[in-house]
């Protein structure tokens, strides 16, 4: 886990402090959960794209034409 610092307005901090108390957790954990909910899928997409790029860089001849890829996706969705 990496440490980072963010600035939030006082009203938001007060609200998060109360919410954290009610949920018996920390403000940091509330923020981490909110980030996961809002950006989790995008972060996973970036990770997947980086893995695919690395795979392609290792084996560039494994690439297929876009039309072939799209055809295979249509076939797997409809069939």
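Every number in this text was worked out from the coordinates using simple rules, so none of it is lab data. All values derive from a computational prediction rather than experimental measurement. Glycine gets a Cβ as well: all are built from the backbone with ideal geometry, and neighbour counts include every protein chain shown.
Within region 1-21, take every residue that is free of Cβ contacts under 8 Å to residues at least 12 places away in the same chain and within 23 Å of the chain's Cα centre (by Cα) and give me the one that is surrounded by the most Cβ atoms within 10 Å (Cβ to Cβ). Only one residue fits best here, namely 8.
Considering each residue of region 22-37, count those that are within 23 Å of residue 3 (Cα to Cα) and surrounded by fewer than 10 Cβ atoms within 10 Å (Cβ to Cβ), and give that number. Spell out the reasoning first.
First pass over region 22-37, keeping only residues within 23 Å of residue 3 (Cα to Cα): 23-37.
Among the residues that remain, those that are also surrounded by fewer than 10 Cβ atoms within 10 Å (Cβ to Cβ) are: 24, 37.
Count: 2.
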